[in-house]
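The values are calculated or read from the model by the stated rules, or taken from the named source; none is laboratory data. Everything numeric here is computed off the predicted structure, so don't read it as measured data. Neighbour counts are summed over all protein chains in view; Cβ atoms, including those assigned to glycine, are modelled from backbone coordinates with ideal geometry.
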Amino acid sequence: MTLPPNVYDAEPIPEAALAEVTRILSSGDLFRYTNENSPVQLLEQEFAAFLGSKYALAVSSCSAALFLSLKALGLPRDARVLIPAFTFAAVPSSIIHADCIPVLCECKDDYRIDLDDFRAKLPDVQAVIISHMRGHTSDMDAIMEACDEAGIPVVEDAAHSLGTTWHGQNIGTIGKIGCFSFQSYKLLNAGEGGIMVSDDPDLIARAVIMSGAYEHNWAKNMGLKEAYERWQNQLPLYNVRLNNLSAALIRAQLPEIPRRVQDGRRNHDHVAAKLNRSAWISVPEKLAAENRAPDSIQFNLVGMGDNAVKSFAEAAAQRGIKVQVFGRSRDNARAFWNWQFLPEQVDLPQTRQMLMNACDVRLPARLTLEECDLVAGALIDAAEEVMGQPLAYGT
Ligand SMILES: *Cc1c(COP(=O)(O)O)cnc(C)c1O
């Protein structure tokens, strides 16, 4: 019997990182501000250039980048920030960390923001964070049009969207600020880390200072002297810097991005086409303007009741494929009803319904198409084991 592929192992960090890590270890120069042109500063320059942004600031996580974004926007205490109800618990948490109040917006069963609910809630908020959850891009044309008209700043949570484009433009560069993650399950793996990009020099200067460029450490950063001097001593120092070792690991992976994006998309689309032939499984279409960079696949179970969904997950597990149904695993951090720390509890029936049937399976870029076939076959067989063969049409 052919064993199912291991979808959990990370890719090795490219060899090029080793020489640089050894150099850093032998000098002990781990702090980003000890020397100019430190690995962290070089990463910021390279990342901004790669995305087509003017500025980038590397920090300790994407959550820290989201928190700093809200602080750099100058939002007052108790400002209301709109987010999709389908996101990771760290996103509303970053809003609470910034002394603001998360407002949840309904999502549709294609995992993207429900624009009717978005437009209805927009007049009551001061900022918006668009989480492109699992790399699914919401309609950024409609969102930017509504937010620009209302004068509301948009922060893109592109933690899991590096390499995705919208009308050919990189995700994360459409809103005022874009935030990315270097946590191990994302496209670039440093264990932990994050980065924010923006074209606004004054905003990025505020973020640089608050990230922990104390005294005149900003002099070693991006040359925004005037903006820095304006904000010197005016802002708290939250100290969420990245260190040089993490930056060295990320820089070595930058040349890998195009391959990871391309292979991840190939694997996703290959499996999606197979799954969509099953009567019990539906993989939502991407939006027309979107070119995705997936490392996992999400799909909805069709016509299955509570027991069948449970049996399907068990049948897939028996075949060696772990399926997570977002709304059904205990304490899932992506199910909004588990965010009991929210100051305002609300129900969002449409998103709840979606989460009860939406499945998540990892599909790393390093899998071969043969391995992808095993994953798709196991899922289709599991659905048929539970639901039986669908009646053939036209016979
Ligand atoms: C991973 C992730 C985050 C959090 O990133 P960290 O770097 O772990 O803080 C936020 N939003 C989304 C959509 C994510 O996938």
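Keeping to the range 17-35, report how many residues are outside any loop (DSSP other than H, G, I, E, B) and surrounded by fewer than 15 Cβ atoms within 10 Å (Cβ to Cβ).
Residues in the range 17-35 being outside any loop (DSSP other than H, G, I, E, B) and surrounded by fewer than 15 Cβ atoms within 10 Å (Cβ to Cβ): 7 in total.
Under 7 Å between Cβ atoms, at least 6 apart or on separate chains: pull out the pairs that start in the range 158-182 with a residue that is farther than 21 Å from Pro201 by Cα and crowded, with 24+ Cβ neighbours inside 10 Å and end on any residue that is of a type in the set (Phe, Trp, Tyr) and modelled with pLDDT of 95 or more.
Here the result reads Ala159/Phe180; Leu162/Phe180, each pair linking the range 158-182 to a residue that is of a type in the set (Phe, Trp, Tyr) and modelled with pLDDT of 95 or more.
Of everything in the range 64-95 that's surrounded by 24 or more Cβ atoms within 10 Å (Cβ to Cβ) and among the polar types (S, T, N, Q), which residue is nearest to the ligand (Cβ to nearest atom)?
My answer is Thr87.
In the range 301-312, what residues are within 20 Å of Tyr111 (Cα to Cα), in contact (Cβ under 8 Å) with a residue 60 or more places away in the chain and hydrophobic (A, V, I, L, M, F, W, C)?
Leu301, Met304 - these are the residues of the range 301-312 that are within 20 Å of Tyr111 (Cα to Cα), in contact (Cβ under 8 Å) with a residue 60 or more places away in the chain and hydrophobic (A, V, I, L, M, F, W, C).
Could you name every one of the helices (runs of 4 or more DSSP H) located completely within the range 194-300 that has at least 3 residues being in contact (Cβ under 8 Å) with a residue 40 or more places away in the chain?
201-210, 244-253, 257-275
On the basis of being of a type in the set (A, V, I, L, M, F, W, C) and within 21 Å of the chain's Cα centre (by Cα), does Ala79 make the cut?
When the stated conditions are applied, Ala79 does not pass them.
Leu66 versus (1) out of contact with any strand residue (DSSP E or B) (no Cβ under 8 Å at 6 or more places or on another chain); (2) more than 21 Å from Glu215 (Cβ to Cβ): which is the lone unmet condition?
Leu66 satisfies every listed condition except (1).
Check Val240, Val155, Val197 and return the single one that is closer than 27 Å to Leu25 by Cβ and either at pLDDT below 95 or within 15 Å of the ligand (Cβ to nearest atom) (or both).
Numbers: Val155 fails: closer than 27 Å to Leu25 by Cβ; Val197 fails: closer than 27 Å to Leu25 by Cβ.
Testing whether each residue is closer than 27 Å to Leu25 by Cβ and either at pLDDT below 95 or within 15 Å of the ligand (Cβ to nearest atom) (or both) leaves just Val240.
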